[in-house]
Amino acid sequence: MTRRQFLEAGVAMGSGLAFAGAVTLFPYAPALLPPRALPAPELLARCLRCGACVQACMTRALAQRDLSLDVRSVGIPYLQARRGGCTAWSEGCRKCAEACPSGALDPAASLVGVKLGTARFDPQKCTNCMVCLRRCPIEKAVFFPNPAGGPPWYKGQEGNIPSGLNTVMSPIKPVIDENLCVGCGLCAAHCIPKIIRLHAV
């Protein structure tokens, strides 16, 4: 081996070690996984990255993670809420899990206690269209405060909300209970001004 070849091999080895170190520094980044996904370490080990779950999703809300420093998660399915939202809680859909050939998604898994993420929005940009209130499948996860000090208004009670409050200028806005929100993304998918974002747990 010549001196030049030795130096080139050293540079290549150093680059490889640096990349490996970067991967270690950037562990699996949390994302909104499908609702019946195994815990992240097991999902990473079992998922074939085949995309069958993405193709089976009825609302087209699933996608596969792109190339990033977090190389282990490339191809892993995740929920892009604003594309469609997940109907597992509202309609009992389990199409993605049923399509999974590896068991990384379990169609028999219960959704009790499952939380994908939390929905949040900028109240100043909210138009009070009440779509989030109507679309949320979780009882009392979204409500509208009663300015008169009475009980808040929940899904099905939108008709009680005074018309003067249905405006972007209203100081009173819907509230998302982060303890009850499961992160299904239906509110984000149907939000008219597109201001709702989901944050992974």
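The values are calculated or read from the model by the stated rules, or taken from the named source; none is laboratory data. Quick caveat, the model's predicted, so the values are computed rather than measured. Here the Cβ is made from the backbone with ideal geometry for all residues, glycine too, and neighbour counts use every protein chain on show.
Numbers below:
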quantity	calculated
Exclusive hit being farther than 30 Å from Ser163 by Cα, in contact with a Phe, Trp or Tyr (Cβ under 9 Å, 6 or more places away or on another chain) and of a type in the set (Ser, Thr, Tyr), set Ser102, Ser73	Ser73
Members of segment 92-124 found to be of a type in the set (Asp, Glu) and either at pLDDT 95 or above or surrounded by 19 or more Cβ atoms within 10 Å (Cβ to Cβ) (or both), listed by number	Glu98, Asp106
Residue match in segment 32-41 (condition: in contact with a helix residue (DSSP H, G or I) (Cβ under 8 Å, 6 or more places away or on another chain), surrounded by fewer than 16 Cβ atoms within 10 Å (Cβ to Cβ), of a type in the set (D, E, K, R) and on the phi < 0 side of the Ramachandran plot)	no
Pick from segment 101-121, criterion of a type in the set (A, V, I, L, M, F, W, C) and in a strand (DSSP E or B), ranking: farthest from Ile196 (Cα to Cα)	Leu105
Candidate set from segment 64-91 (those that are closer than 17 Å to Arg36 by Cβ and among the aliphatic types (A, V, I, L, M)); member that is surrounded by the most Cβ atoms within 10 Å (Cβ to Cβ)	Leu79
Set Gln124, Gln55: member being under 19 Å from Ile196 (Cα atoms) and either part of a loop (DSSP other than H, G, I, E, B) or not aromatic (Phe, Trp, Tyr) (or both)	Gln124
Within segment 138-162, tally of residues that are part of a loop (DSSP other than H, G, I, E, B) and under 23 Å from the mean Cα position of the chain (by Cα)	5
Top-ranked residue of segment 55-91 - restricted to ones that are within 26 Å of Cys132 (Cα to Cα), small (Gly, Ala, Ser) and in contact with a helix residue (DSSP H, G or I) (Cβ under 8 Å, 6 or more places away or on another chain), ranked as modelled with the highest pLDDT	Ala56
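Quick grid of which residues meet (1) assigned to a strand (DSSP E or B); (2) under 19 Å from the mean Cα position of the chain (by Cα); (3) without any contact (Cβ under 8 Å) to a residue 24 or more places away in the chain; (4) in the same structural domain as Arg60 (by TED's automatic domain parsing):
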| position | (1), (2), (3), (4) |
| --- | --- |
| Cys93 | no, yes, no, yes |
| Met169 | no, no, yes, no |
| Cys187 | no, yes, no, no |
| Lys194 | no, yes, no, no |
